[in-house]
Amino acid sequence: MKVELSKLTISELRGLLDRKEVTVREVVDSVYKRIDSVEDRIRAFVTITRDKAYEMASVSGNRAVNDNSMPLRGIPIAVKDNMCTKGIRTTCSSKILHSFIPPYESTATARLIENGYILTGKTNLDEFAMGSSTENSGFHTTRNPWDLERIPGGSSGGSAAAVASDECIAALGSDTGGSIRQPAALCGIVGLKPTYGRVSRYGLVAFASSLDQIGPLTKNVMDSAIMLNAISGHDPLDSTSAEAGVPDHTSTLGRDIKGMKIGIPNEYFIDGMDKDVEGAVKKAINQLESLGAVPVEVTLPHTSYAVAAYYILATSEASSNLARYDGVKYGFRAAGKDLLETYMNTRAQGFSPEVKRRIMLGTYALSSGYYDAYYKKAQQVRTLIKRDFEEAFKAVDVIVTPTTPTAAFKIGEKADDPLQMYLSDIFTISVNLAGVPGISIPCGFTSNSLPIGLQIIGKHFDEETVLMAAYAYEQSTEWHKRKPCL
Ligand code: GLN
């Protein structure tokens, strides 16, 4: 039987393409065939860029094979719809940007172009990346390929569902408080949030600029490293992008993890956590131990303040970043009798309730008289959380935790309860506040066959060790090979 190319990984396709066993066009055909058969059930995409993909395929199909400067040559990759793609609609899943066509390319996607990728489409998200379920999309809800009645996670739920259902080979997402790792965990794939500053944010529509970071969603750890290599590195167009040199992240994969110290923070094994999730993560820790890693108890004492601090800081930054959507400069405009009414009607009709809630909360936290009590306090808490990680990393190489407290929940289950929704990111948010890298990899299934994620957190700019530990675990298990039945 002929293999379905859409089900393969970047590295598997790289081999087939370089040996000329398949053509770029065949790979692209396979991905669109898959999209045609499953997308009406999954709804991962906001825009499917079929014509553009075939145009890109004919360019990269003509490139010399074995061109090492193009590790993504001919690989169909989906991009979260909050990264600007020149000439291609970029909506942030918001009505306010429904017709916005960027005149420029984000740096992350420009680097994918340099690497020879093929854009499959732009994926659905919670509006402006605010949410944990993709239910806040201004357009539609994406479904979890493992159970169509459940959410795929968020905010990069479209990207995660597209990868898990083989509607693309890999995808880009963005992570402000967990939006790459959480949907990766709930869809049974690999999601990496790099160190803050590792990947340029130029052209990523800003939600909370001090936390946002672009990263890959992939079918395995090797592909995550390949994607990270492609998108990383200093960018003069983003003043927060780091000058740090970029190693070859694939080079440490396969190394022995004997003696690696893995920190286990007891603050991450809490009441209310799903028993199947807790069991799978504890088994994963035992597995790492059997590979020679040494578990060490560590403490991250300010963990319980992370969600509160995050929702002050993220909403404050959002209230400032979203001020630009006023009906004058971009996309949607609602009529009004004067300028003020035009602003008001545009924002009232263009933003969903969650976005409005955050703009109000953030504006309040930044207003005079409240600034010291909320924003400044949250910044101080952020520093304490960062110091917790610095202290812990004096004793260990990586920290291992669950990615989420539960597996995927039902569509609608938390939609009317924002506080419950905010708690879905309880294990991922501190990582953004501290600016360190974190990955989620598959580590098991619940009794009702839903995927569970293991989070591995590293030191600043030490994605190499994170990937090395993740790869060692992955290669000793079979979880990443399972696929949903669609
Ligand atoms: N779920 C979190 C939020 O709603 C994180 C979102 C994200 O990482 N973009 O803000």
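From the list Leu467, Leu419, the lone residue that is within 20 Å of Pro183 (Cα to Cα) and crowded, with 22+ Cβ neighbours inside 10 Å is Leu467. With respect to being in contact with a Cys (Cβ under 9 Å, 6 or more places away or on another chain), in contact (Cβ under 8 Å) with a residue 40 or more places away in the chain and away from the ligand (no atom under 16 Å from the Cβ), Pro102 fits the description.
For the range 122-139, the count of residues that are open to solvent by 10 Å² or more (accessible area, probe 1.4 Å), away from the ligand (no atom under 16 Å from the Cβ), touching a Pro at 6+ places or on another chain (Cβ under 6 Å) and within 21 Å of Asp40 (Cβ to Cβ) is zero. Ala308 versus (1) open to solvent by 40 Å² or more (accessible area, probe 1.4 Å); (2) over 26 Å from Gly435 (Cβ atoms): which is the lone unmet condition? Checking Ala308 against (1) open to solvent by 40 Å² or more (accessible area, probe 1.4 Å); (2) over 26 Å from Gly435 (Cβ atoms), the one that fails is (2). If you scan the range 389-426, which residues turn out to be within 15 Å of the ligand (Cβ to nearest atom), part of a helix (DSSP H, G or I), in contact (Cβ under 8 Å) with a residue 24 or more places away in the chain and not acidic (Asp, Glu)? Pro418, Met421, Tyr422, Leu423, Ser424 - these are the residues of the range 389-426 that are within 15 Å of the ligand (Cβ to nearest atom), part of a helix (DSSP H, G or I), in contact (Cβ under 8 Å) with a residue 24 or more places away in the chain and not acidic (Asp, Glu).
When residues in the range 427-453 are screened for being within 16 Å of the ligand (Cβ to nearest atom), within 13 Å of the chain's Cα centre (by Cα) and outside any helix (DSSP H, G or I), 5 of them pass. Scanning the range 173-197 for residues that are more than 11 Å from the ligand (Cβ to nearest atom), under 17 Å from Glu474 (Cβ atoms) and either open to solvent by 10 Å² or more (accessible area, probe 1.4 Å) or not in a strand (DSSP E or B) (or both) turns up Ala184, Ala185, Cys187, Gly188, Ile189.
Checking each residue in the range 263-291 for being more than 24 Å from the chain's Cα centre (by Cα) and open to solvent by less than 20 Å² (accessible area, probe 1.4 Å) picks out only Leu288. For the range 67-89, check the following and say yes or no: at least one residue is open to solvent by 60 Å² or more (accessible area, probe 1.4 Å) and in a strand (DSSP E or B). No, the conditions are met nowhere in the range 67-89. Can you tell me which residues in the range 324-344 are open to solvent by 60 Å² or more (accessible area, probe 1.4 Å) and hydrophobic (A, V, I, L, M, F, W, C)? The answer is Val328, Ala335, Leu339, Leu340, Met344. Evaluated against (1) open to solvent by 70 Å² or more (accessible area, probe 1.4 Å); (2) more than 16 Å from the ligand (Cβ to nearest atom), Ser320 falls short on exactly one condition, (2).
The residues on offer are Val46, Val31, and the sole one that is open to solvent by less than 10 Å² (accessible area, probe 1.4 Å) and either within 27 Å of Asp147 (Cα to Cα) or at pLDDT below 95 (or both) is Val31.
The numbered conditions (1) open to solvent by 30 Å² or more (accessible area, probe 1.4 Å); (2) in a loop (DSSP other than H, G, I, E, B); (3) not aromatic (Phe, Trp, Tyr) are all true for Lys52 except (2). Contact map, the range 164-192: residues that are closer than 17 Å to Met227 by Cα and of a type in the set (D, E, K, R) paired with residues that are within 13 Å of the ligand (Cβ to nearest atom) and assigned to a loop (DSSP other than H, G, I, E, B), Cβ distance under 6 Å, separation 6+ or inter-chain. Pairs shown: Arg181/Thr403; Arg181/Thr428. Summed over the range 208-219, the residues that are within 17 Å of Gly438 (Cβ to Cβ) and open to solvent by 20 Å² or more (accessible area, probe 1.4 Å) give a count of 1. Exactly one residue out of Ser239, Ser224, Ser232 is closer than 23 Å to Val398 by Cβ, open to solvent by 10 Å² or more (accessible area, probe 1.4 Å), of a type outside the set (D, E, K, R) and away from the ligand (no atom under 13 Å from the Cβ): that is Ser232. Apart from one condition, Val355 fits all of (1) open to solvent by less than 60 Å² (accessible area, probe 1.4 Å); (2) aliphatic (A, V, I, L, M); (3) part of a loop (DSSP other than H, G, I, E, B); (4) more than 30 Å from Thr465 (Cβ to Cβ); the exception is (3). For the range 282-291, the count of residues that are within 16 Å of the ligand (Cβ to nearest atom) and polar (S, T, N, Q) is zero. The set of residues in the range 140-163 that are away from the ligand (no atom under 16 Å from the Cβ), of a type outside the set (Lys, Arg), open to solvent by 10 Å² or more (accessible area, probe 1.4 Å) and within 24 Å of Asn448 (Cα to Cα) comprises Trp146, Asp147, Leu148, Glu149.
The values are calculated or read from the model by the stated rules, or taken from the named source; none is laboratory data. It should be emphasised that the depicted structure is a prediction, and the values quoted were computed from it without experimental measurement. All Cβ positions, even for glycine, are placed from backbone atoms using ideal geometry, and neighbour counts span all protein chains on display. Protein only, heavy atoms only, side chains kept; ligands, DNA and RNA dropped before computing areas. Shrake-Rupley method; radii C 1.70, N 1.55, O 1.52, S 1.80 Å.
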